[in-house]
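Read the structure below first, then the notes.
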């Protein structure tokens, strides 16, 4: 018997203006066999995606973790969204970035930390992490689902992945263990310190790098000067390793925002610059 696909129900009649969303946002209920749970995928489509003249056009796609926080303040943490919809709509209309699709992958709420951690951690305490399954979840389930429903351009040059905090960590991990899949990677305020900075083992052993990577970080992420200094040192270490591997300014951008903290508002501020660098014409 043929294997059944994940749930492919689009939530119809969604008034995106009432949701506080700019543009065409479509919500899909999505059941994962990898994680054995269910969540929403939030698919934002560029202007005139459904126009007759674009019927044969295929679009770059940017997959972003913590989908609840991207488009709608009603679902975002503390009521603050990344404003991906507003930034994308503006930059596309200004022809700074090409028309493209954004896929917000909702986190699994209570299971978020386990899904975003690829190895054991004692702070936060996660002894049975699920993060090593996350690349499989993306490649086997999410990406085929989106590709079957929408006109997606193929190849790493047309495929991005990103997230913040632990969502940034799992994005970086996925790019390292699945080389050549994601050519555009956004790593915002990554939790590089988890598990005694084990992520650097994967960075050190990488041989194939994304074509472009944007790393963002604030100088007041952790809440006290000593920890702020350490998390900033981690990002600078990541930059040093990637520069040594040959990623120059045209391929890697590191944005250190003075006084910025660890929250959706700061990630929203940096997102337009990140989008322009990763996908700009």
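The table below lists the values:
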{"item": "Qualifying positions in the range 131-154 - more than 27 Å from residue 50 (Cβ to Cβ) and surrounded by fewer than 19 Cβ atoms within 10 Å (Cβ to Cβ)", "result": "132, 133, 136, 139, 140"}
{"item": "Entirely in the range 109-214, the helices (runs of 4 or more DSSP H) that have 2 or more residues that are in contact (Cβ under 8 Å) with a residue 40 or more places away in the chain and at negative phi", "result": "112-116, 143-149, 166-177"}
{"item": "Options 271, 240: the member that is over 20 Å from the mean Cα position of the chain (by Cα) and assigned to a helix (DSSP H, G or I)", "result": "240"}
{"item": "Residue ID - nearest to residue 271 (Cα to Cα), chosen from residues in the range 102-126 that are surrounded by fewer than 16 Cβ atoms within 10 Å (Cβ to Cβ) and touching a strand residue (DSSP E or B) at 6+ places or on another chain (Cβ under 8 Å)", "result": "111"}
{"item": "Candidate set: the range 230-281, residues that are free of Cβ contacts under 8 Å to residues at least 60 places away in the same chain and under 17 Å from residue 70 (Cα atoms); chosen: the one surrounded by the most Cβ atoms within 10 Å (Cβ to Cβ)", "result": "269"}
{"item": "Qualifying residue in the range 76-98 (condition: on the phi > 0 side of the Ramachandran plot and under 15 Å from the mean Cα position of the chain (by Cα))", "result": "yes"}
{"item": "Some residue of the range 266-275 being farther than 13 Å from residue 215 by Cβ and touching a strand residue (DSSP E or B) at 6+ places or on another chain (Cβ under 7 Å)", "result": "yes"}
{"item": "Selection count, the range 207-221, where residues are surrounded by fewer than 18 Cβ atoms within 10 Å (Cβ to Cβ) and more than 20 Å from the chain's Cα centre (by Cα)", "result": "2"}
{"item": "Scope the range 97-121; condition touching a helix residue (DSSP H, G or I) at 6+ places or on another chain (Cβ under 6 Å) and farther than 22 Å from residue 172 by Cα; matching residues", "result": "97, 99"}
{"item": "Of residues in the range 57-101 being in a loop (DSSP other than H, G, I, E, B) and without any contact (Cβ under 8 Å) to a residue 60 or more places away in the chain, the one surrounded by the fewest Cβ atoms within 10 Å (Cβ to Cβ)", "result": "94"}
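Bear in mind that the values in this text are calculations on the coordinates, not laboratory data. None of these values were measured; they are calculated from a predicted model. So basically every Cβ, Gly included, is an ideal-geometry build from the backbone, and we count neighbours across all protein chains shown.
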